[in-house]
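Engineer: This structure is in structure tokens; I'll ask about it shortly.
The values are calculated or read from the model by the stated rules, or taken from the named source; none is laboratory data. Given the structure is predicted, the values throughout are model-derived calculations rather than measurements. We place every Cβ from the backbone using ideal geometry, glycine too, and count neighbours over all the protein chains shown.
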Amino acid sequence: MTSLFGLDLADRTVLIAGGGPVAARRAQTLADEGALLRVVAPYVCEDLSDLLRLMPDRAEWLERDVQASDLDGVWLALAATDSKVANADVAVWAEQHRVFCVNAGAAHEGTARTPATTRSGDLLVGVVTDVSRTPVGVGADPRRVASVRDQIGDLLRAGVDQRRQRPATGQVTLVGGGPGAVDLLTIRGRQALAQADVVVTDRLGPVDVLADLAPGVEVINVGKTPGHHPVPQHEINTILVEQAQRGRQVVRLKGGDPFVFGRGGEEAIACREAGVPVHVVPGISSALSVPALAGIPLTHRGTSASFHVTTGHAGLDRAAAVAVAEGATLVVLMGVSKLATIAAQAVEAGARADCPVAVVERGSTPHERITRSTLERVADEAGRVGVRAPAIIVIGDVADEDRLGPT
């Protein structure tokens, strides 16, 4: 295993001079990497004591001050005592033993540096200060190093081209892209896109992320509009399977969550039946996120204790109509074209005619618009202002910002 020092220290002895918190943190990291620990210190802090107790066969504690002979047989030394003199001595002894040494208190006195690290999959990146280039008397700036490390980590998590690290065989990854804003796409979704050879995408979701794909990544648009499905679902299934069978890494980028009215289940079944490995990256469902971004809580103490999510392209089923009639919040996806029918069905089931309704168009995007009304008036109001899909319909008292109960 490659350690944070860039060395394979598994089953090799490392000297840790010192027993304080710094020594404890380094000891834990080295233990996780499989190193054998030789701790030399008159005392050890609680964290280090706990670690030593958990690995009696792989760590020893010499309860005294460090001395030159403690460097015998070690592969790396860490000087982390509370004495600058003792740390400097360890560095000198390490040089004499031809052992690399990290001096925690004075990096320029050691022959190795402890990097600030960040990881993405099998990629481990470390950042260190070149102390030979720092002004005399200034030393390293750990905050600057940590800041650079964090920026690199953000870049890796955002999804740089990682196709060289892809699996050897073709596979399909169903990625939920969230409601539309690129920054609401999950880190895991970004990483899947960074490994993709081909992306099969809809018209909804974070389509702007396609501009960030590496050169050569094929994009297949199978987007549907209400009443117009140029690529039927069975053909989409075939595309996914055939692309993966060619040995390609296929990402099916969908709006919202692939398993919440996204037909992801059908695509997963098609892949499995064809023997194609398939993975799912959950997304932030628009049913939950769009109301939240619009400031509409689906549950609210004293107002609504539950919510029901349904599709509205064919009107409401009985369960949805009864739910809103009994006081639950009802969230309707794909219901703009049937808004008048939905409102009438809810009232017929027992919902109040003045029950609040909010229609959120293009949620999470700069073009988001909220139209508020009531069941008896919402269809006329939506027609007047020109409500268009995609939109989320929220029915219930939580949709009226003036009628929410106590927080």
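Engineer: Can you tell me which residues in the stretch 52-73 are hydrophobic (A, V, I, L, M, F, W, C) and either surrounded by fewer than 21 Cβ atoms within 10 Å (Cβ to Cβ) or outside the structural domain of residue 17 (by TED's automatic domain parsing) (or both)?
Structural biologist: Of everything in the stretch 52-73, those that are hydrophobic (A, V, I, L, M, F, W, C) and either surrounded by fewer than 21 Cβ atoms within 10 Å (Cβ to Cβ) or outside the structural domain of residue 17 (by TED's automatic domain parsing) (or both) turn out to be 52, 54, 55, 61, 62, 68.
Engineer: Testing residue 65 on (1) within 38 Å of the chain's Cα centre (by Cα); (2) closer than 22 Å to residue 105 by Cα, one condition comes back false. Which one is that?
Structural biologist: Of the numbered conditions (1) within 38 Å of the chain's Cα centre (by Cα); (2) closer than 22 Å to residue 105 by Cα, the odd one out for residue 65 is (1).
Engineer: State all residues of the stretch 188-224 that are in a helix (DSSP H, G or I) and surrounded by fewer than 20 Cβ atoms within 10 Å (Cβ to Cβ); if no residue qualifies, say none.
Structural biologist: Correct list: 188, 207, 208, 210, 211, 212.
Engineer: Which one of the conditions (1) buried (at least 17 other Cβ atoms within 10 Å of the Cβ); (2) outside any helix (DSSP H, G or I); (3) not polar (S, T, N, Q) does residue 236 fail to meet, given that it meets all the rest?
Structural biologist: Residue 236 satisfies every listed condition except (2).
Engineer: Take the residues in the stretch 143-187 that are assigned to a loop (DSSP other than H, G, I, E, B) and small (Gly, Ala, Ser); name whichever of them is modelled with the lowest pLDDT.
Structural biologist: For the stretch 143-187, the residue satisfying everything is 159.
Engineer: If you don't mind, another one. So which strands (runs of 3 or more DSSP E) stay within the stretch 272-379 end to end and still have 1 or more residues that are of a type outside the set (Lys, Arg), over 30 Å from residue 240 (Cβ atoms) and modelled with pLDDT of 95 or more?
Structural biologist: Hits in the stretch 272-379: 307-311, 329-333, 356-361, 369-374.
Engineer: Can we say residue 99 is under 19 Å from residue 7 (Cα atoms), of a type in the set (A, V, I, L, M), over 35 Å from the mean Cα position of the chain (by Cα) and surrounded by 14 or more Cβ atoms within 10 Å (Cβ to Cβ)?
Structural biologist: Yes: the conditions hold for residue 99.
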